[in-house]
Amino acid sequence: MTRWQALIVFLCITQASAGQNSGCIGLEITEAVRSGNARIRIAYGLSDQWSAEVLSSFHIKSTRSENEKTSGIHNGYVDLSFRHWCRKFSKGPYFSLGIFSGVRQRTDMKFCLGYAIPIWNGIGMDIGYGFKVLDTIRQKSAASGEITLEIHYCFTL
């Protein structure tokens, strides 16, 4: 799925939930360290405890070695998911389930657990752990899991 298709799906979801007045945009720090990619998350509150999200990871350097291009480690991906907040949108513990699709990677389901900490005036930090469900079952280990650390800004529309 291309980034444009993911954006169109996200816009359709947000239009269906236009009565809710909360959104969020975030930048993940660990993705840049781990693979050299930029990872951006856009979320929209469907209700007080549910949100729809689009995550996109893409390579920010223009030059890559031939080994990096063929390995698939640094290739981009798109993740569409629904997140349940135990307390309130973008505050406290959450879990999410979504669809993961990457360049030269199999489409998979992704499950995440985490905690969002409000810092100041809409700015917050999100600490989580996510893994690909089908890949974990195939490999019989959680090798596809990753810890995430994200800085985000939540706003009222």
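Values in this text are rule-based calculations from the coordinates and carry no lab data. Please read these numbers as outputs of a predicted model, since none were measured by experiment. Here the Cβ is made from the backbone with ideal geometry for all residues, glycine too, and neighbour counts use every protein chain on show.
For the range 82-157, the convex hull drawn through the C-alpha positions has a volume of 106 cubic angstrom per residue.
Only counting other Cβ atoms within 10 Å, I'd like His152, His59, His84 sorted with the fewest neighbours first.
Least to most surrounded, the residues fall as His84, His59, His152.
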